[in-house]
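Asker: First, the structure itself, so that you have it in front of you.
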Amino acid sequence: MHHTIALLNPLGDSGKTTLAVNLAFSFALLEIRTLYVDCTSSGAGSRILMGKHKKPAWGVADVLSGFVGLRGAIVPGCTPYLDVIPALSGEKEAEKFLAFNPEKEKVLGLSLRKPGEGYGRVIIDTPSGNGFFVKSALAASDMALVPLHPGWDRNSQLKEAGHCVDEVLKYLNPDLKGIGFVTLGPSDPVPDEAGMQFVGRLPDCDAVRKGMATETPAALVDVMSPGAQACLDLAREMTEAATVP
């Protein structure tokens, strides 16, 4: 079962947060209790899913640094069945605080272990690159989900994501079960390949664009839009796959 899913694409502006936000919201709409963990530098996803008027006291970096337990950093989301751990402090500060911990990349996974049991899905949004937060997210996850942006070379995106996953599989998380990918924009999904699953597409549509511009999940803009329906279909597919022995 893919309980914890890390969004991964080392290239910037690749659509990770767009997919993470709308997928987390879709799981919640399906009444699957979902935790969204924001490891990005911008914090855009947590702002969208918390609602615009909430001002949380703690974030992911505070959890990793030991200033607060994971439960203490959880903020209720903007819809039932959805909770959020926001991004407030910096990645560099957390990594510096854990500098003498030889297994610092495993701290997030350990922090999520017990509280995460109360959720049907944990979605971890990550920054670009292959730094501390990316490794921490993959070390905590069962699966990496890669949005393939049409503006970047597809093979380069898959290659870079594969390098990240291979490193984590070797040194940090041998239980990471593989890579799934979702094509963004108008193109059809790439053919399925060994070790890759959940081949899908998030269409470029007005509801998705307007949602990101106004910090609103696409389903709240227009639940019948192609983008909102594609995310709901992907959430259903993942849920159905998890029930297959």
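Asker: Can you tell me how many residues within region 110-131 are in a loop (DSSP other than H, G, I, E, B) and within 12 Å of C39 (Cβ to Cβ)?
Answerer: Step one: of region 110-131, the residues in a loop (DSSP other than H, G, I, E, B) are 114, 119-120, 126-131.
Pick out the ones that are also within 12 Å of C39 (Cβ to Cβ) and you get 126-129, 131.
Of the residues in region 110-131, 5 are in a loop (DSSP other than H, G, I, E, B) and within 12 Å of C39 (Cβ to Cβ).
Asker: Also, I was wondering about something else. Name every residue in region 1-46 that is of a type in the set (A, V, I, L, M, F, W, C), closer than 21 Å to T79 by Cβ and touching a Cys at 6+ places or on another chain (Cβ under 7 Å), in order of residue number.
Answerer: So in region 1-46, the residues of a type in the set (A, V, I, L, M, F, W, C) come out as 1, 5-8, 11, 19-21, 23-25, 27-30, 32, 35, 37, 39, 44.
Next cut, closer than 21 Å to T79 by Cβ only: 5, 7, 19-21, 23-25, 27-30, 32, 35, 37, 44.
The answer is L23, and nothing else.
Asker: Can you go through V134, V107 and tell me which one is free of Cβ contacts under 8 Å to residues at least 60 places away in the same chain and either outside any loop (DSSP other than H, G, I, E, B) or over 17 Å from K170 (Cβ atoms) (or both)? Lay out the reasoning, then the answer.
Answerer: Details: V134 fails: free of Cβ contacts under 8 Å to residues at least 60 places away in the same chain.
Every option except V107 fails the conditions.
Asker: Which of the numbered conditions does D62 fail, given that it passes all the others? Conditions: (1) charged (D, E, K, R); (2) buried (at least 24 other Cβ atoms within 10 Å of the Cβ); (3) under 15 Å from L112 (Cβ atoms).
Answerer: (2)
Asker: Give all pairs with beta carbons closer than 7 Å in which a residue from region 198-227 that is crowded, with 17+ Cβ neighbours inside 10 Å meets a residue that is of a type in the set (S, T, N, Q) and part of a strand (DSSP E or B); count only pairs at least 6 apart in sequence or on separate chains.
Answerer: Note: pairs meeting the criteria are R201/T183.
Asker: To continue, here is another question. Given the options G69, G51, name the one that is on the phi > 0 side of the Ramachandran plot and out of contact with any Phe, Trp or Tyr (no Cβ under 7 Å at 6 or more places or on another chain). Even if it seems obvious, please write down each step before you answer.
Answerer: Details: G69 fails: on the phi > 0 side of the Ramachandran plot.
It is G51.
Asker: Is region 77-86 home to any residue that is outside any helix (DSSP H, G or I), touching a residue at least 24 places away in the same chain (Cβ under 8 Å) and within 19 Å of G180 (Cα to Cα)?
Answerer: Here is the first cut: in region 77-86, the residues outside any helix (DSSP H, G or I) are 77-86.
Add one more test, that the residue is touching a residue at least 24 places away in the same chain (Cβ under 8 Å), and what stays is 77-86.
Imposing the further condition that a residue be within 19 Å of G180 (Cα to Cα) reduces the set to none.
Among the residues of region 77-86, not one is outside any helix (DSSP H, G or I), touching a residue at least 24 places away in the same chain (Cβ under 8 Å) and within 19 Å of G180 (Cα to Cα), which makes the answer no.
Asker: Still on this model: Run down R71, R154, R113, R121 and say which single residue is at pLDDT 90 or above, more than 16 Å from the chain's Cα centre (by Cα) and charged (D, E, K, R).
Answerer: Values: R154 fails: at pLDDT 90 or above; R113 fails: at pLDDT 90 or above; R121 fails: more than 16 Å from the chain's Cα centre (by Cα).
The unique qualifying residue is R71.
The values are calculated or read from the model by the stated rules, or taken from the named source; none is laboratory data. Bear in mind that the values here come from a model prediction, so they are computed numbers and not experimental data. Methodologically, a virtual Cβ is constructed for each residue, glycine included, from the backbone with ideal geometry; neighbour enumeration extends over all protein chains shown.
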